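Colleague: Got a structure here, written out as structure tokens. Questions coming.
Every number here is computed from the coordinates shown, using simple stated rules; none is lab data. Bear in mind that the values here come from a model prediction, so they are computed numbers and not experimental data. Cβ placement follows ideal geometry from the backbone for every residue including glycine, while neighbour counts extend to all protein chains displayed.
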Amino acid sequence: MWATAVGVARVRALETERENALFRDPLAQAFAAAGGLWPSSPPPDDEAARRRRLAVSLSIVIRTKFLDDLLQQASASGVRQVVLLGAGMDSRAFRMDWPEGTRLFEVDTAAPLDFKASVLRQERAVARCERITVAADLREDWPGALAAAGHDPAVPTAWIAEGLLIYLSQDAVELLLARISAQSATGSRMGLTLGSRGVIERFGADAAPGSAASMWVSEMPDDPVGWLAGHGWEAGSHTLRERAAAYGRPLGTPPQREEQPGGLISAVRL
């Protein structure tokens, strides 16, 4: 599945080239090139496929900006511990400004971490905070591996699960959230992206075998705010449309139905 992370890097590289980019990710092109996705491929001839690809790309851009802002707010509140779950080709350790004393943990399996390390060496990239990689499968005892790497559950943590939960079964999502909650001191922050209701039907039904959409298995609960409250978090839910408009990238299509709660989640541990 980590090849999907290279596809996300390609989207971030394309955004970085825009004059009015919502963020700059100088390493994204290197990740995409090393993964064989750069220069960028031409759009598909099929109009429906082209629209789906554009929609997915826009969602990646908006969620990246949303979570960047969340992490900046967490840092401003005094949080100095960050955990990226399923980190993939995330380069926030290198492209964002971090307060002194910040420790950023990247949790992922060995294959993407090794691929990423080779590109970082090639680019001579230097992290802007203390960066600690943790090779662990999120279906196994990753909390133990994280603790062994130096994570301290007694102090607040900013947790990010970006583009991850949609690939996990509902039971696995519940277990992941329970584990996060057990290691989160009061004042911890969390940023999640959840598959919106109906997204698997719209994108996954005719997805090509092996594509990202073909591996999507779970969508957001009907009441994500209530769901997180049950785990001890005070959450806010934001739609892609709402955030896109706030960032000056309004969606060009009107809503197809009454807007449901959004899949961009920010939360604070109570």
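Colleague: Nothing charged except the Cβ atoms of Lys and Arg (+1) and of Asp and Glu (-1): what's the magnitude of the dipole of the range 34-171 about its Cα centre? Round to the nearest 20 debye.
Modeller: Here the range 34-171 has a charge dipole of around 420 debye.
Colleague: Let me ask something else. Based on the Cβ-Cβ distance from ARG53 to ASN20, what FRET efficiency comes out when R0 is 22 Å, to the nearest 0.05?
Modeller: The formula returns an efficiency of 0.60 here.
Colleague: Using only DSSP helix segments of four residues or longer, with each worth -39500 (n - 2.57), what per-residue ellipticity at 222 nm results for the chain after dividing by its residue count and rounding to 500?
Modeller: The helix-only estimate for the chain comes to -11500 deg cm²/dmol at 222 nm.
Colleague: Find how many whole Å separate the alpha carbon centroid of the range 127-176 from the alpha carbon centroid of the range 60-114.
Modeller: When both Cα centres are located, 12 Å separates them.
Colleague: Taking only Cα atoms and a 10 Å spring cutoff, compute GNM fluctuations for the chain and point out the largest among PHE115, PHE66, PHE31.
Modeller: So, out of PHE115, PHE66, PHE31, the one fluctuating most is PHE115.
Colleague: Which option, (1) 52, 45, 34; (2) 85, 45, 37; (3) 53, 38, 35, is the value of Cα extents along the principal axes in Å that was calculated from these coordinates?
Modeller: Correct label is (1).
Colleague: Using the crude model of +1 on Lys and Arg Cβ and -1 on Asp and Glu Cβ, and no other charge, please compute the dipole size for the chain relative to its Cα centre, in debye to 20.
Modeller: 620
Colleague: Pairs of Cα atoms under 8 Å, at least six residues apart: use those to get the relative contact order of the chain, whole percent.
Modeller: 16
Colleague: Give me the distance in nm between label points sitting 7 Å out from Cα along the Cα-to-Cβ direction at ALA145 and ALA245, one decimal.
Modeller: 4.2
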